[in-house]
Every structure is written in C-alpha cells, then in structure tokens.
Amino acid sequence: MKILVATEKPFAAAAIDGIKEVVAKSGNELILLEKGTKADLIAKVADVNGLIVRSDIVDREVLEAAKQLKVVVRAGAGYDNIDLAAATEKGVCVMNTPGQNSNAVAELVFGLLVFAVRNFYNGKSGSELKGKKLGILAFGNVGRNVARIAKGFDMDVYAYDAFCPKEAIEAAGVHAVDNQEALFETCDVVSLHIPATAETKQSINYALVGKMKKGGILVNTARKEVINEPELLKLMAERDDLKYVTDIKPDADEDFKKYEGRYFATPKKMGAQTAEANINAGIAAAHQVIDNLTTGWNKFQVNK
Ligand code: 3PG
C-alpha cells in the first residue's frame, strides 16, 4: 500500500528517517511531498491509501481527489485543518497523535514567557516568574506539561477546562477554578491551550482578557482563531500594561506590532518545531497509519 507524507513545513530529517524505517519494515511504499502546493498534494494523493500531514489543509477537494484513501493521520494535536465531515462521508478515518508534541509546545510557552517578563531582552530590568500565578486554559496534554514545567519555576498554577473534572486538575497539584473568567481574574499570566472549535473561536475577547490584573500576560500557542483580534487590539490600546506573546502570527500582525515591547509573534508557528516532537509525532503517525491499514486500528480516531 502507498503512504504519502505531505508537509508544507517539513519534518526534521531524523523524523523522516524514522518514518521511512517504519514504513519500509511494514512492506509498504512511502511517498514524500515536502513544501508542496495544494495542486501537488491533489496530484500525489490520487492513489495513496494513507496520508500523514501536519497543519496542512486536507479539505473536501483533497479528499475527493484521494480515491483510494482509507486513513489520514495528523502528526500533532490540532485537527482543525482537516474536513472531518467530508472524511466521514468518504469513509476515511482521521486520527491525531495526542501528546506526542506537547512537551515541545509547553517548553516554548516558557521561552515566550521569560522573554516577555524580561522586556523582550531590551536590556531593561524585568521581573521573574517565581511566585506568579499562571492560568492554564484547557488541561489537556499541553496544559499538563505547562503545569509540570511551571512548578519548576515555582509558579502558583491554576487551570480551567470545560471538559476535565476539577478533581483531575487538583490531582495534578494544580488549583482548579470554576470558569475561564475566574482564571483571567486570578492569574498574572494566562496560557491558552484550547482547540479551535465553534465554541472557542473568537472566545478570547475584550471582556475576558480585560479581567486580567495590571501587568497581565497572555500567551497563545494554540490557534489564532481563538483570539478576537480586533477586541484584543482595542484592549491593548486602552491598557498599556498588557502583553501578548504568541507562536501563531495573528491576521492583524501589523496592527499588533504597534505595541512594541508588549507584543511578540514567532515568524512561523513554532511550538511543535523540534526534532524530538517531529520524531515522536511522525513515527507515531506512521505506526497509526500502518496499524489502521492492516488491522483497522483506530484508537485516536477524531471523526467517529
Ligand atoms: C499541533 O496542533 O500539534 C501543533 O499546533 C503543531 O502543529 P505543526 O505540526 O503544524 O507544527
């Protein structure tokens, strides 16, 4: 069977080596498409049985071109890049690789945070994370890793997750709060780890972020769609104490850049851009595709 790895943002070389080895051992054929266009993807996907992608768009058009496709694995956590309804209609199983790249994203949260509290390394005296209240919005794999690392910084850690019971949060040694408003009110820093869904899109808005105390820092390593950008810009204009740091460039990047010293975005989405995350997620994806094609294994199916 044919398995296509199609990534606009290529995996690290070591991850590709690992994927090649897993696919070769299984007796299947690997096709690699790196930095391709949508037209390249549509052409390559025509006769493959399995597809591995990162944030690459797998929409109805791609799925319709993929006549032999049985399984798509998104090597990573968020699967908002895949048209699940179209995949389901076509009988294609869609999976992600939960947890495989979460440490990388969590580490970058702290890279961004230290940068922010030290005034973006402009030489001026900054502050420390120790003793500050960190709020984690959504306590999934990334959120849990953020909590673990935050304890190393001696931060006071809080979390809210609409789908995770308070007891489970407390069991991880983290204070559970009742709702997201309480998280923003309580914490000096809020780190977003919610997926982009109909409920969460645009949900990080003026009213919510406006609840933060003086000197509040918002960290976004989730999706840009969860932020209501015009409202956040309005708030930053009104409150010169707020900082916004992110690994996903907002649509209104140029407008945010006006807030020099209070805004920073990495040039490309970087949270999961490590060799280790690529190796973990890429190899897991290769195993998942093969297991699905050979036995129908679908533990991490997201379009059930
Ligand atoms: C994810 O959802 O796993 C992260 O956003 C990483 O995405 P990437 O693989 O496209 O870097």
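Given a cut-off of under 8 Å on Cα pairs at least six residues apart, what relative contact order in percent is computed for segment 138-199? Averaging sequence separation for qualifying contacts and normalising by length gives 34 percent for segment 138-199. Values of log10 I(q)/I(0) for segment 154-267 across q = 0.15 Å⁻¹ run -0.64, by the Debye formula with one identical scatterer at each alpha carbon and no solvent.
Taking G152, G78, G99 as the candidate residues, the one with maximal mean-square fluctuation in a Gaussian network model of the chain, Cα springs under 10 Å, is G152. Shape call for segment 1-82 from the C-alpha gyration tensor, a ≥ b ≥ c root eigenvalues: rounded (a/c under 1.5), prolate (a/b greater than b/c) or oblate? Verdict is oblate for segment 1-82. Rolling a 1.4 angstrom probe over the chain with all protein chains present gives an accessible area of which 51% lies on carbon and sulfur atoms. Take every Cα pair under 8 Å in segment 184-226 that's 6+ residues apart, average their separations, divide by the length, and report that relative contact order as a whole percent. So the answer I get is 61 percent. Short to long, the 10 Å bins of the Cα pair-distance histogram for segment 126-215 hold 17, 53, 27, 2 percent of all pairs.
Largest GNM mean-square fluctuation among N101, N179, N122, using the chain with Cα springs under 10 Å: N122. Per-residue ellipticity at 222 nm from helix content only, as computed over the chain with -39500 (n - 2.57) for each DSSP H run of at least four residues, stands at -10500 deg cm²/dmol. Compactness check for the chain: Cα Rg over 2.2 N^0.38 Å is 1.05. If one computes the Cα centroid of segment 265-304 and of segment 74-90, what distance in Å separates the two points? Measuring centre to centre over Cα atoms gives 12 Å. Note that segment 19-161 presents 44 Å² accessible area per residue, ligands and nucleic acids not counted, probe 1.4 Å. Extent of segment 250-290 along its three principal axes (Cα atoms, max minus min coordinate, largest first): 48, 18, 11 Å.
How high is the relative contact order of the chain, in percent, with contacts defined as C-alpha pairs under 8 Å that are six or more residues apart? It would help to have the intermediate numbers written out before the result.
Details: 624 pairs, mean separation 62.2, N = 304.
The normalised contact order for the chain reaches 20 percent.
With every protein chain present, what is the per residue accessible area of segment 207-304 (1.4 Å probe, Å²)? Result: 46 Å² of accessible area for each residue. Spatial offset of segment 160-181 relative to segment 1-61 amounts to 38 Å, using the alpha carbon center of each.
Per-residue Karplus couplings for segment 62-71, computed as 6.51 cos²θ - 1.76 cosθ + 1.60 with θ equal to phi - 60°, are listed in order as 5, 5, 5, 6, 8, 5, 9, 5, 10, 8 Hz, Gly and Pro entered as x.
What residue among L235, L51, L134 shows peak mean-square fluctuation when the chain is described by a Gaussian network model with Cα springs under 10 Å? Result for the chain, Cα springs under 10 Å: L235 fluctuates most. Applying the Karplus relation 6.51 cos²θ - 1.76 cosθ + 1.60 with θ = phi - 60° to segment 203-220 yields 3J(HN,Hα) values of 6, 8, 10, 3, 5, 6, 5, x, 7, 5, 5, 4, x, x, 10, 9, 10, 10 Hz, where x marks Gly and Pro.
Less than 5 angstrom separates the built amide H of I31 from those of I3, L4, V5, all sequence-distant by 5 or more or on a different chain.
The values are calculated or read from the model by the stated rules, or taken from the named source; none is laboratory data. No experiment lies behind these values; they were computed from the predicted model shown. Remember, those area values only see protein heavy atoms, side chains included, never the ligands or the DNA or RNA. Shrake-Rupley method; radii C 1.70, N 1.55, O 1.52, S 1.80 Å.
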